1. Could you give the dipole magnitude of region 103-151 about its Cα centre, charging the beta-carbon of Lys and Arg +1 and that of Asp and Glu -1, in debye to the nearest 20?
2. Quote the charge dipole size of region 165-274 about the Cα centre in Debye, to the nearest 20; the model charges only the Cβ of Lys and Arg (+1) and of Asp and Glu (-1).
3. Would you please put 69-76, 359-366 in order of how densely packed they are, using the mean number of other Cβ atoms within 10 angstrom per residue and starting with the highest?
4. Ignoring ligands, DNA and RNA, how do Lys267, Lys64, Lys96 rank by accessible area with a 1.4 Å probe, largest first?
5. Which order do peptides 207-213, 156-162 fall in by mean Cβ count within 10 Å, highest first?
6. Only loop residues by DSSP count here, and only those with at most 12 other Cβ atoms within 10 Å; note down the GluC sites (Glu not before Pro) in region 77-178 that meet that.
7. Considering only C-alpha atoms, what is the centroid distance from region 179-201 to region 139-172, in Å?
Amino acid sequence: MEPMFSPPLHRQRHQFVIDFVKRNKPKKVVDLGCSECILLKKLKFHREVELLVGVDINGTKVRKKMYGLAPISTDYLQPTYDQLRIELYQGSVTHKDARVRGFDLVTSIELIEHLTLADVERFSEVVFGYMTPAAVIVSTPNSDFNPLLPGLAGFRHRDHKFEWTRAEFRSWALKVCLEFGYEVELTGVGQAPSGQQEGVGFCSQIGVFHRLGGRDGCHMSLGDEVEDVFSYTLLYSVNYPSLHDSNILGRVLVSEVLYWAEKLKGKWKEEMTGEGNGAHTLRQPEGGEGCVSERCTEVEEKQTACGAEKRNLVEQCGKGASEDQEEEDEEGFWTNGEKRQDSSTLRRSVSVPLDVLWSCCPKVSALSGSLGNLRRLLMDDPQVKLSQDGAAVLVNDQELDFEEEEEDHNDLGDSGYAELGQRSHTAEQEEDWEANVDLEDAALFTGQ
Ligand code: SAM
């Protein structure tokens, strides 16, 4: 059984919008008649978009799938500097709402034919006259194409109030342009079989409107005299995690610092015990702050290519530890001397200098911006233990607590606790004819 269009017509319409978004990079997009949010779900992956809004008169449809727009775990685990807020409203496109004014792009995909002609007039006024977006994409069935749709009698959907010919659509579009200061390009998706395209046009006709004067043109009509109306009901809103949020930035930075501190501790211990291949050195390269990549490169290279130079890390990072001192404190090399005797355990921390962390991990340096910032950001975090002078992260040397830990594990095992918190169609409501048509009888129209 061959589909009528390949890809299916509703996908071609959405792809048309996505291609427009890729080319024009709008920041604020509103989809009118968003239904079950299928187009919004595709648009949320476009990083240029910072505010994505859906509006539909039918709240039940929107609610049905709206949680599919929520961030997923990777959005939280690997946030970027991209910003995205999504808002969904129940409301009518025939009514004004100030929260959707001045957008970069308004999409209205297969919506206007569900309105009465009087409401299409209101739609034009609300969208082009009040919302005044920089661009509008309107798609609607092209009735010139209907004779080619097998089994179709009447309109394509029982809720359609009209289906326009290309001439009727053009006439409405030009009127809107004249009245509200836009220009329009008329096109479409869903090609006719070869030889018939010119006669009938596209199955879905599309008008792409651009505001005269571009984005700046929007502001001209956003004067004080325009009412601030709020007629829509907010159904759902969500902010995606972004590194612009200082809490999120702090959390990512801390987890990166703890990861690298452990890793550097491990390398140092390999050197100390001679378990490594002798190639590890944690030497801080000369050049001081400001040569992040060099430092990082050097560490990486040393790991594979250079001879071991123990203790260089401490020597070079300005901690003032002399070789003599280290010889005296052989076990405590690169430890901060924070030995303390608990009732049963000798606790010792490995001290990982912040400037080494800063230079070894590009993500740490990128997130913090400067060594001073790094110190400040870590200072108040309860997960991070800094040395007294704030120049190093102290990492527990767990091997010394081995026995104790093993007991702890056994205790947990006995108590039966599981380990918690480890590190962590419906494509749009198709038009009736598309659903009902006997697809086997249908000719294969490709959308290419
Ligand atoms: N735009 C969707 C897409 O491309 O996946 C599908 C549109 S569906 C054919 C038409 C939608 O318009 C329905 O969800 C309907 O509830 C909505 N609608 C009808 N009249 C409306 C109005 N006055 N204001 C807002 N939405 C309306």
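The values are calculated or read from the model by the stated rules, or taken from the named source; none is laboratory data. Computed from a prediction, not measured in an experiment: that's the story for all the values here. Cβ atoms come from the backbone with ideal geometry, glycine included; neighbour counts cover every protein chain shown. These area figures cover heavy atoms from the full protein model, side chains too; ligands, DNA and RNA do not enter into them. Shrake-Rupley method; radii C 1.70, N 1.55, O 1.52, S 1.80 Å.
1. 40 debye
2. 580 debye
3. Top to bottom by mean Cβ count within 10 Å: 359-366, 69-76.
4. Lys64, Lys96, Lys267
5. Ranked from most to least packed, the peptides come out as 207-213, 156-162.
6. Working: sites: Glu87, Glu110, Glu113, Glu121, Glu125, Glu163, Glu168; in loops: Glu110, Glu163.
Within region 77-178, no GluC sites (Glu not before Pro) qualify (loop, at most 12 other Cβ atoms within 10 Å).
7. Taking the Cα centre of each part, region 179-201 and region 139-172 sit 13 Å apart.
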